[in-house]
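Peer 1: Next up is a structure, given as C-alpha cells.
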Amino acid sequence: MNFKSLQEKAAAPTATGKGLYSFGKSRLDPVLYLGLDVATKRDTCALVAVTPDESFEHYAIWGHRIWHPPVDLVTQVYPVLLKLFTSHPVAGLWYDPYQAVTLAQQLKAAGHGHRLIEVNQQSMMTNAANTLHSMLTENRLALPNDDEFRAHFSWASAKQTERGWRIIKLVQTKKIDVVIALAMALMGATSESGHGSYPAWSSQQHVRSPFVLEGIA
C-alpha cells in the first residue's frame, strides 16, 4: 500500500500556516513528542514534532525540520534539539541510535538523557509503522500542507508482514525520512514511555506559537 493514497485522505489543517492546527492553536504550551530519523551522507535527516489533542485521540504535526546531506549532527541537529528541550515541554525524543551515538552523548551531557528513547529499527519499527498506518486510515492525524513533507509520503510504501506493517521505499533513491521520523514520534505519543517533567522549560521564556522547525537555530 502506498502511503501517498493514505496521506491524501489525512485530515487537513484548519488554520493557515505550516504546523498550525485548530487544537494546536487553542492549546498553549502543547506537549511535544519528537521523532528523529538520522542520516548524514546520502539520505536526509528528519525531525518531526507531534502533539495530541486533550483526549489523545487526534494528533497534529507541531513542526518539522529536514536537513539535506551532508548533515553535521553536531552543528546542525544538536542546536535545534537543545533549543526544543530547553524552551518547550518535550515528553521525549524517539530516535534510531545507529548513527546518533555522538548526538545522544551530547544531549545526555546537557542533562536530557531521560528524554531519549532508542528505537530498535528491527524490533520496534513495525509498531511505529502500525501506529502511523492506523492514524492515517482512521483520519486521526493532520498533516501539513508542505510539499517536501508530503513528497516523502508519496515515495513511501506500507508493506504487510507477519508482524504488521513495514515502511519501505518505492524507489531507493527517493527520501522517506520524514515518514520514519513521524512514525517514531507517533509511537512515542501513543505509548506510556514519555517523560512529563520539564525542569528547563519556562512558559515566560519560550515562544508559544507552533511553527516549522526551520525557525530554530
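The values are calculated or read from the model by the stated rules, or taken from the named source; none is laboratory data. Not measured: the values here are computed from a predicted model. Reconstructed Cβ throughout: ideal geometry from the backbone, glycine too, with neighbour counts over all protein chains shown.
Okay, residues lined up against (1) over 21 Å from GLY63 (Cα atoms); (2) small (Gly, Ala, Ser); (3) surrounded by 22 or more Cβ atoms within 10 Å (Cβ to Cβ):
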{"residue": "LEU132", "(1), (2), (3)": "no, no, yes"}
{"residue": "MET135", "(1), (2), (3)": "no, no, yes"}
{"residue": "ARG140", "(1), (2), (3)": "no, no, no"}
{"residue": "ASN145", "(1), (2), (3)": "no, no, no"}
{"residue": "ARG166", "(1), (2), (3)": "yes, no, no"}
{"residue": "LEU170", "(1), (2), (3)": "yes, no, no"}
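Peer 1: Let me ask another. Before we move on, is ASN120 loosely packed, with under 13 Cβ neighbours inside 10 Å and either farther than 22 Å from LYS83 by Cα or at pLDDT below 85 (or both)?
Peer 2: Yes: the conditions hold for ASN120.
Peer 1: With the requirement that a residue be under 11 Å from the mean Cα position of the chain (by Cα) and at positive phi, what does region 39-60 give you?
Peer 2: none
Peer 1: May I pose another question? Among VAL90, VAL71, which is in contact with a strand residue (DSSP E or B) (Cβ under 6 Å, 6 or more places away or on another chain) and surrounded by 22 or more Cβ atoms within 10 Å (Cβ to Cβ)?
Peer 2: One residue alone meets the criteria, VAL90.
Peer 1: OK, next. Of everything in region 100-130, what is in a helix (DSSP H, G or I), over 17 Å from the mean Cα position of the chain (by Cα) and closer than 23 Å to VAL179 by Cα? Give them in sequence order.
Peer 2: Within region 100-130, just VAL101 meets the criteria.
Peer 1: Confirm whether ALA109 is modelled with pLDDT of 95 or more, in contact with an Asp or Glu (Cβ under 9 Å, 6 or more places away or on another chain) and either small (Gly, Ala, Ser) or on the phi > 0 side of the Ramachandran plot (or both).
Peer 2: no
Peer 1: Which members of region 149-164 meet the condition of being closer than 17 Å to ALA128 by Cβ, within 17 Å of the chain's Cα centre (by Cα) and either surrounded by fewer than 19 Cβ atoms within 10 Å (Cβ to Cβ) or hydrophobic (A, V, I, L, M, F, W, C) (or both)?
Peer 2: The answer is PHE153, ALA156.
Peer 1: Out of (1) assigned to a strand (DSSP E or B); (2) without any contact (Cβ under 8 Å) to a residue 12 or more places away in the chain, what's the single condition that is false for TRP94?
Peer 2: TRP94 satisfies every listed condition except (2).
Peer 1: Now, a different point. Answer yes or no as to whether LEU186 is touching a Leu at 6+ places or on another chain (Cβ under 6 Å) and at pLDDT 85 or above.
Peer 2: So LEU186 passes the test.
Peer 1: Give me the pairs, please: first residue somewhere in region 37-57 and over 19 Å from ASN120 (Cβ atoms), second residue anywhere and part of a loop (DSSP other than H, G, I, E, B) and among the basic types (Lys, Arg), beta-carbon distance under 6 Å, and either six or more positions apart or on two chains.
Peer 2: THR44/LYS175
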